[in-house]
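Down below is the structure, laid out as structure tokens.
The values are calculated or read from the model by the stated rules, or taken from the named source; none is laboratory data. The structure presented is a predicted model; accordingly, all values stated were derived computationally and were not measured. Every residue, glycine as well, gets a Cβ built from its backbone with ideal geometry; the counts of neighbours run over all protein chains shown. Heads up: the accessible areas ignore ligands, DNA and RNA and are worked out on the full protein's heavy atoms, side chains in. Shrake-Rupley method; radii C 1.70, N 1.55, O 1.52, S 1.80 Å.
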Amino acid sequence: MLDLLITNATLPDGRRHISVAVQDGRIAEVTEGLRAPAHETVDAGGLLLSPPFVDAHFHLDSALTYGQPRVNASGTLLEGIALWGELKPTLTHEAIVERALAYCDWAVARGLLAIRSHVDTSDPRLLPVHALLDVKQRVAPYLDLQLVAFPQDGLLRRPGALENLQRALALGVDVVGGIPHFERTYAEGSESVRILCALAAEQGKRVDLHCDESDDPQSRHVETLACETQRLGLHGRVTGSHLTSMHSMDNDYASKLMALMAEAQLGVVANPLINVTLQGRHDTYPRRRGMTRVPELLAAGLTVAFGHDCVLDPWYAGGSADMLEAAHMGLHLAQMTSAQAMRQCFEAVTTHPAALLGLQGYGLAPGCHADFVLLHARDPAEAIRLRATRLGVWRRGRRVASSPAPVAQLALPGRPGQVSLLAPPRPPE
Ligand code: FE2
């Protein structure tokens, strides 16, 4: 007797009428049309069953603080950092934990079951680090939380920052972070990249740097990141987050740079909601979109994810833990409108970030963890179009969230009474 059987599902790769059999928290079988006795059987009705959403870039220590102590008036990254600096002395362990747990509830409701969160290590008390390590342990049964030691105020700009970061790693923070474009000089930014990559190599850690988050086409720290990754043999373990300066770079230089990035097997995280909000603030018109070159990086063979980055904090006044919202914005900003490109946008919030985080047992294949989401959509493009309702969310074969199908009752003369926004089946490509 199976623990759970999902029948008549459509998978993100287009396979239809698929049954997914679950035993002991793992996927036992993925086969067309399988019927077998199970404790629970769910008819997916031809809708999309996906592996869970993954957010490769988030800040759980600042999430849900919007308006404390005031709102970001200029809307810039730098005012956001200053505002966070004003807020930090007032933080308490309990308040960070409470907000982070509330956000993780939102995440589960949205089928977002793995988050890589940067945690600010600038404060010598490491208050956010202790709080998020506590949260990591508490949410572990239902959400994978990976933490990045993030020297928000700069590694070389702030005395003691390297020691604080090392202490955070010793306490159990998983990944080495940094912010080279915020160091005092370009040279110090490059030096910070070298120090952080060497530290990661020494400790066998992954690296994920906030990198070149500006509209300055001369901000080229990702070049140093690729070079150090290559030199230290960190291939596949290093991610460059944001890389917004690439939007404004000269095409000739960008073509050389992308080859170097591919050689180093860098991961890339674009944060479309935040990039389009924070970048271009010094432009008049035309105003740049500020997101890195997603389609070109994918074409060069790089693994590119879309992150959410912020929700209701000093940098962003929106968000609700919905990775389909990030994918929707990314699709528009990068003009990824072909059928293949829309699928890639879906991969950028599922399989790609899972690869960047190094998640084990992720996916819809026999042997993987029985973690998945049933969406009120027929395919990945429709899921993005509708920011589809998560009808059911399962973790290790156990249902952890449900939402009713969004069906409106119309009261129109001569028209049927119920309407859903599902589209007619797509024509073959
Ligand atoms: Fe960030």
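A few points about this structure:
- The test for being within 19 Å of the chain's Cα centre (by Cα) and away from the ligand (no atom under 16 Å from the Cβ) does not hold for ARG231.
- Selected residue (criterion: surrounded by the fewest Cβ atoms within 10 Å (Cβ to Cβ)) from residues of region 182-229 that are closer than 20 Å to VAL119 by Cβ and either of a type in the set (Val, Ile, Thr) or in contact (Cβ under 8 Å) with a residue 60 or more places away in the chain (or both): ILE195
- Boolean, SER241 is within 20 Å of the chain's Cα centre (by Cα), open to solvent by less than 60 Å² (accessible area, probe 1.4 Å) and within 16 Å of the ligand (Cβ to nearest atom): yes
- Scan of region 190-222 for residues that are among the acidic types (Asp, Glu) and either within 16 Å of the ligand (Cβ to nearest atom) or within 11 Å of VAL238 (Cα to Cα) (or both), ordered by number: ASP208, ASP212, GLU213
- Filter result for GLU325 (more than 16 Å from the ligand (Cβ to nearest atom), crowded, with 20+ Cβ neighbours inside 10 Å, more than 24 Å from ALA264 (Cβ to Cβ) and in the same structural domain as LEU87 (by TED's automatic domain parsing)): yes
- Across region 303-317, the qualifying residues are those that are open to solvent by less than 10 Å² (accessible area, probe 1.4 Å) and away from the ligand (no atom under 12 Å from the Cβ), and the one among them that is farthest from ARG99 (Cα to Cα) is VAL304.
- Among the residues making up region 35-47, those that are touching a residue at least 40 places away in the same chain (Cβ under 8 Å) and not in a strand (DSSP E or B) are ALA44, GLY46, LEU47.
- Of the criteria (1) among the small types (Gly, Ala, Ser); (2) outside the structural domain of ALA109 (by TED's automatic domain parsing); (3) open to solvent by 10 Å² or more (accessible area, probe 1.4 Å), which one ALA44 fails: (3)
- Of all positions in region 155-178, at least one carries a residue that is in contact (Cβ under 8 Å) with a residue 24 or more places away in the chain, under 18 Å from the mean Cα position of the chain (by Cα) and closer than 15 Å to ASP212 by Cα.
- Members of region 75-94 that are among the aliphatic types (A, V, I, L, M) and open to solvent by 40 Å² or more (accessible area, probe 1.4 Å): LEU78, ALA82
- With respect to (1) open to solvent by less than 40 Å² (accessible area, probe 1.4 Å); (2) within 15 Å of the ligand (Cβ to nearest atom), the lone exception for LEU297 is condition (2).
- Residue in region 48-65 that is within 16 Å of the ligand (Cβ to nearest atom), assigned to a helix (DSSP H, G or I) and open to solvent by less than 50 Å² (accessible area, probe 1.4 Å) present: no
- If the condition is being surrounded by 21 or more Cβ atoms within 10 Å (Cβ to Cβ) and aliphatic (A, V, I, L, M), then region 258-272 contributes MET258, MET261, ALA264, LEU266, VAL268, VAL269, ALA270.
- Within the option set ARG343, ARG426, ARG385, ARG390, being surrounded by 15 or more Cβ atoms within 10 Å (Cβ to Cβ), out of contact with any Lys or Arg (no Cβ under 7 Å at 6 or more places or on another chain) and not assigned by TED's automatic domain parsing to the domain that holds VAL268 holds for one residue only, ARG385.
- So ALA82, is it touching an Asp or Glu at 6+ places or on another chain (Cβ under 7 Å) and either within 16 Å of the ligand (Cβ to nearest atom) or touching a residue at least 12 places away in the same chain (Cβ under 8 Å) (or both): no
- Residue that is within 16 Å of the ligand (Cβ to nearest atom) and either assigned by TED's automatic domain parsing to the domain that holds HIS282 or open to solvent by 10 Å² or more (accessible area, probe 1.4 Å) (or both), where the choices are VAL173, VAL139: VAL173
- Qualifying residue in region 323-336 (condition: among the charged types (D, E, K, R), in a loop (DSSP other than H, G, I, E, B) and in contact (Cβ under 8 Å) with a residue 24 or more places away in the chain): no
- If you filter region 274-287 down to residues that are surrounded by fewer than 24 Cβ atoms within 10 Å (Cβ to Cβ) and in contact (Cβ under 8 Å) with a residue 24 or more places away in the chain, you find that the one that is nearest to the ligand (Cβ to nearest atom) is THR277.
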